[in-house]
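The values are calculated or read from the model by the stated rules, or taken from the named source; none is laboratory data. Since the model is a prediction, treat every value here as computed from it, not as a measurement. As a convention, Cβ positions derive from the backbone with ideal geometry for all residues, glycine included, and neighbour counts pool all protein chains shown.
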Amino acid sequence: MRSIRPNAAMFLVLGLMFGLTSGASAQVTFVETGPNGCFVNPTSGTTECAKATFSLMTGGSAGSPGTVIGGTSATNVTGLQIRIQNTTPTTVTNYQNADLLLGFFWGLTNSPTLATTTTGGVTSYNGSALATNSLGGQAIINPALCSPAVCAGPSVNVGAYWAGSYKPGGWSGTPGTFAGAYAVAASGFGLISLGQGNNIGANDPTLVAHTNSLDFGLLGGAGSTPTTGNKPAIQDILTVQVAFLTPVPSLNLNIDILASNVHFAYGTNPDTASGARKAPEPASIALFGVGVVALGWARRRKRRQ
């Protein structure tokens, strides 16, 4: 019986090691339902892409979401982080209003209550909403349209303009039905009666007078200079952290968040064609690679015999 060739053995071992280590630190990512995590926006005709990565947070309290941890399940979970990114390629530069990513819907099993704080009559979800650029450049395009003192730089707090809303059973209206009970949005989405909701994070800086529901929408094409009109916009990541009112005893991102509840919303009202699907986990990709290597080695060995 012929032994496994050293190269094949090495690939198998490395693949298994990568699969095990990736599984230990994996998070759960949702992407657009179409090919390559994209869909064709029926309003503008633009092919748009987006993804949202969920992470668990522990060690916090009602006043703090805690610290992001690795892994997809944990006990005594005190908060949730969602990293929303417009991944539309740099080839798209002439953005129309309908192309701005302005909202995100999701749901959690048993719908745990999020913690809020009321200051000066304004109620905010305990947490934060930070705008960043995946390439490390300016987070806000057209920063002069807000306050350069707070809009310049690679990380900008936009919690005063991205509000959180909650409705048991989800949302419904003219565009369609969105099962996710939780939403974060820069737009009020009037056709589904979302409302402006509560700020994300108390004591957020005032950037500008809120003149347009398109302000601080998410643009893709990181590294390009998209045309956005007379409005400040984010390029290209919004990282939202929210705290639970009381720690959730057990939470599994693979089970407790359903793809059917996840929606990306473009323009001033969400489009029903823009659902989401769960992206393959790194561990699954690694194991698939191991299978391909093993299959190739087996076929090669059979031919030699």
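Being of a type outside the set (D, E, K, R), touching a helix residue (DSSP H, G or I) at 6+ places or on another chain (Cβ under 9 Å) and surrounded by fewer than 21 Cβ atoms within 10 Å (Cβ to Cβ), is that true of even one residue in region 253-261? No. Figure legend. Inter-residue proximity from region 133-149: first residues assigned by TED's automatic domain parsing to the domain that holds ASN230, second residues hydroxyl-bearing (Ser, Thr, Tyr), beta-carbon distance below 7 Å, spacing 6+ or different chains. Indicated pairs: ALA139/THR132; ALA139/SER155; ILE141/THR228; ASN142/THR228.
Of THR90, THR113, which residue is in contact (Cβ under 8 Å) with a residue 12 or more places away in the chain, closer than 26 Å to THR177 by Cβ and not hydrophobic (A, V, I, L, M, F, W, C)?
Numbers: THR90 fails: closer than 26 Å to THR177 by Cβ.
Step by step, each of THR90, THR113 is checked, and only THR113 is in contact (Cβ under 8 Å) with a residue 12 or more places away in the chain, closer than 26 Å to THR177 by Cβ and not hydrophobic (A, V, I, L, M, F, W, C).
Of the strands (runs of 3 or more DSSP E) entirely within region 219-280, those holding at least 1 residues that are among the polar types (S, T, N, Q) and in contact (Cβ under 8 Å) with a residue 12 or more places away in the chain occupy 233-235, 237-252.
Checked against (1) without any contact (Cβ under 8 Å) to a residue 60 or more places away in the chain; (2) crowded, with 22+ Cβ neighbours inside 10 Å, LEU194 meets all criteria but (1).
Scanning region 19-72 for residues that are of a type in the set (S, T, N, Q), in a loop (DSSP other than H, G, I, E, B) and modelled with pLDDT under 95 yields GLN27, THR33, ASN41, THR43, SER44, THR46. Every condition in (1) surrounded by 22 or more Cβ atoms within 10 Å (Cβ to Cβ); (2) farther than 22 Å from GLY34 by Cβ; (3) among the aliphatic types (A, V, I, L, M) holds for LEU145 except the one numbered (1). The single condition among (1) of a type outside the set (Lys, Arg); (2) without any contact (Cβ under 8 Å) to a residue 24 or more places away in the chain; (3) under 24 Å from SER260 (Cα atoms) that GLY59 does not meet is (3). Selection of region 154-201 for residues being aromatic (Phe, Trp, Tyr) and in a loop (DSSP other than H, G, I, E, B) yields TYR161, TRP162, PHE189. Tallying residues that are in contact (Cβ under 8 Å) with a residue 60 or more places away in the chain and within 28 Å of THR118 (Cα to Cα) within region 157-177 yields 5. Restricting attention to region 85-130 and to residues that are in contact with a helix residue (DSSP H, G or I) (Cβ under 9 Å, 6 or more places away or on another chain) and either outside the structural domain of ASN157 (by TED's automatic domain parsing) or farther than 21 Å from ASP271 by Cα (or both), the residue that is surrounded by the fewest Cβ atoms within 10 Å (Cβ to Cβ) turns out to be ASN110. Just one of the listed residues (GLY169, GLY176, GLY180, GLY159) is among the small types (Gly, Ala, Ser) and either outside the structural domain of CYS49 (by TED's automatic domain parsing) or modelled with pLDDT under 85 (or both), and it is GLY176. Tell me, which residue of region 109-138 that is touching a Leu at 6+ places or on another chain (Cβ under 8 Å) and among the aliphatic types (A, V, I, L, M) is farthest from LYS278 (Cα to Cα)? Only one residue tops the list, namely ALA115.
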